[in-house]
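Below: one structure, written as structure tokens.
The values are calculated or read from the model by the stated rules, or taken from the named source; none is laboratory data. Everything numeric here is computed off the predicted structure, so don't read it as measured data. Cβ: placed from backbone, ideal geometry, glycine included. Neighbour counts: every protein chain shown.
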Amino acid sequence: MKKSRMLTLLKELVATNSENPPGHELEVAKVLCNHLEAYGIKCTSIGPATRPNLIFSSHDGQKGDIIMHGHMDTVPSGPIQNWSHDPFSPAIVNGRLYGLGACDMKGAVAALAETLIIYTEERHKKPLIFLATSDEESGCSGAEEVAKSGLLNGITFGVCAEPTNLQVLVGEKGMFWSKVIAKGKSAHGSRPEDGINAIQACIEAIHHLTEEPFPYEPDDLFGTPTMNIGVIEGGIKINVVPDRCEAQLDMRTVKAQEPDTLLKAMNARLDQAGLSDRVRVDYIHGKPAVFTPTDSKIVGLTKTAVEHITGKSPLVGTATYGTDCSVLQPKIGILNVICGPGSIKQVHQPNEYISLEELYQSVNVYLEIARHFGD
């Protein structure tokens, strides 16, 4: 491993803005393509020209049994004054590299690029594929484009390099976003009896929707589903009875919770509460929960590699957050583990950083996994 080569790439990736929204992945994609093409590794681009998804192969377009993947976009930096370090001027302090996306997940992308360069130079029999996607942070549309292309069909196993502190996650909760829409009747605020208060109806509906979980299949690794009230908007003025209110709910789902079933169950619960004449639940967006059996080959190999490289037996669990696995697994059939450098506690906040020690360890973990499939 050439640490200086990987750090040079990582610094350039962090310095290149790829905030999403609005979606600036193109310039980061150019950096990544130029870096790997300098070592004879060609790039295949999928999807919109301005927001590409990149496939690299150690064997010039061929595919084997294993793919390793990460995303190029980041969340917005937020107010610059909240950062001790400029989010686009990567700085190394006390063994940590600071900058927007350092942990989520340009550090891992640089590690995967370094892994592919070394693997390619070793001239293994079977290919290693590296996928870098756009728009992971706002719905995984890049992974959807890749799935539709069919170019990854037939690949059996995957390693998603999202930050896990090199613990091994074998699945992730699903996501079900919905909106509660309440309609009322406006009236003067001094005569509320002349109107129907949509905000009160919305609050009552939320109470019924959140008072107890919807049916699910218990699983020790997944835990229980969660629901967060992320947005609520209603009313136009303090002295007007509001005739409309809308709330947005973020539910993280587990096994046996499908979007169609959930939507029906939520509206049925409102009906039972006598609210369906003025409140309804609409679907916004969702992704399924995904799970790789713990006795799967990729799980065992990853656990062994992490223990060999770090000297510690990794914990096995599942992610509460979403990744591109939610597309690549159900739509292509790739059995994934999630294992990467950095802590999820560092992402989506000022002064994001990644531990360089974990970054270097991750390359050796990925190489050990890849070499198994390569020979």
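Could you please let me know if Ala132 is under 13 Å from the mean Cα position of the chain (by Cα) and among the hydrophobic types (A, V, I, L, M, F, W, C)?
In short, yes.
Filter segment 259-316 down to the residues that are among the acidic types (Asp, Glu) and within 30 Å of Val365 (Cα to Cα), then identify the one that is surrounded by the most Cβ atoms within 10 Å (Cβ to Cβ).
Among those that are among the acidic types (Asp, Glu) and within 30 Å of Val365 (Cα to Cα), it is Glu307.
Which residues, counting only those in segment 228-286, are among the basic types (Lys, Arg) and either touching a helix residue (DSSP H, G or I) at 6+ places or on another chain (Cβ under 7 Å) or farther than 28 Å from His188 by Cβ (or both)?
Passing the criteria: Arg244, Arg252, Lys255, Lys264, Arg269, Arg278, Arg280.
State yes or no: is Ala38 surrounded by fewer than 14 Cβ atoms within 10 Å (Cβ to Cβ), over 19 Å from Leu367 (Cβ atoms) and at pLDDT 95 or above?
Criteria met by Ala38.
Could you check segment 19-34 and list, in sequence order, the residues that are of a type in the set (A, V, I, L, M, F, W, C) and closer than 13 Å to Phe56 by Cα?
Matches in segment 19-34: Ala29, Leu32, Cys33.
Looking only at segment 62-86, which residues are over 30 Å from Ala370 (Cβ atoms), hydroxyl-bearing (Ser, Thr, Tyr) and within 24 Å of the chain's Cα centre (by Cα)?
The answer is Ser77, and nothing else.
Looking only at segment 171-186, which residues are more than 27 Å from Thr224 (Cβ to Cβ) and either within 19 Å of the chain's Cα centre (by Cα) or polar (S, T, N, Q) (or both)?
Selection gives Ser186 alone.
For His59, state whether it is in the same structural domain as Leu116 (by TED's automatic domain parsing) and closer than 13 Å to Thr133 by Cα.
In short, no.
Give all pairs with beta carbons closer than 6 Å in which a residue from segment 62-81 that is of a type in the set (Val, Ile, Thr) meets a residue that is buried (at least 17 other Cβ atoms within 10 Å of the Cβ) and not in a strand (DSSP E or B); count only pairs at least 6 apart in sequence or on separate chains.
Ile66/Phe373; Ile67/Ile155; Thr74/Ser18; Thr74/Leu100; Thr74/Gly101; Val75/Glu137
Does at least one position in segment 351-358 carry a residue that is among the β-branched types (Val, Ile, Thr) and either surrounded by fewer than 17 Cβ atoms within 10 Å (Cβ to Cβ) or assigned to a strand (DSSP E or B) (or both)?
There is at least one residue in segment 351-358 that is among the β-branched types (Val, Ile, Thr) and either surrounded by fewer than 17 Cβ atoms within 10 Å (Cβ to Cβ) or assigned to a strand (DSSP E or B) (or both).
Residues in segment 322-339 that are assigned to a loop (DSSP other than H, G, I, E, B) and surrounded by 16 or more Cβ atoms within 10 Å (Cβ to Cβ): how many?
Qualifying residue count, segment 322-339: 5.
Which one of the conditions (1) within 24 Å of Phe373 (Cα to Cα); (2) assigned to a strand (DSSP E or B) does Leu97 fail to meet, given that it meets all the rest?
Of (1) within 24 Å of Phe373 (Cα to Cα); (2) assigned to a strand (DSSP E or B), only one is false for Leu97: (1).
One line per residue, one yes/no per condition, for (1) farther than 16 Å from His69 by Cβ; (2) surrounded by fewer than 18 Cβ atoms within 10 Å (Cβ to Cβ):
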{"site": "Thr133", "(1), (2)": "no, no"}
{"site": "Ala143", "(1), (2)": "no, no"}
{"site": "Ile155", "(1), (2)": "no, no"}
{"site": "Cys160", "(1), (2)": "no, no"}
{"site": "Lys183", "(1), (2)": "yes, yes"}
{"site": "Ile199", "(1), (2)": "yes, no"}
{"site": "Asp220", "(1), (2)": "yes, yes"}
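Can you go through Gly342, Gly274, Gly300 and tell me which one is within 28 Å of Ile117 (Cα to Cα) and assigned to a loop (DSSP other than H, G, I, E, B)?
Answer to the check: Gly342.
Looking at Glu233, Glu193, which is the one that is assigned to a helix (DSSP H, G or I) and surrounded by fewer than 14 Cβ atoms within 10 Å (Cβ to Cβ)?
The match here is Glu193.
Report yes if some residue within segment 54-70 is part of a loop (DSSP other than H, G, I, E, B), modelled with pLDDT of 95 or more and loosely packed, with under 14 Cβ neighbours inside 10 Å; otherwise report no.
No, segment 54-70 contains no residue that is part of a loop (DSSP other than H, G, I, E, B), modelled with pLDDT of 95 or more and loosely packed, with under 14 Cβ neighbours inside 10 Å.
Test each condition in (1) part of a helix (DSSP H, G or I); (2) out of contact with any helix residue (DSSP H, G or I) (no Cβ under 8 Å at 6 or more places or on another chain) for Pro22 and report the one that comes out false.
Failed condition: (1).
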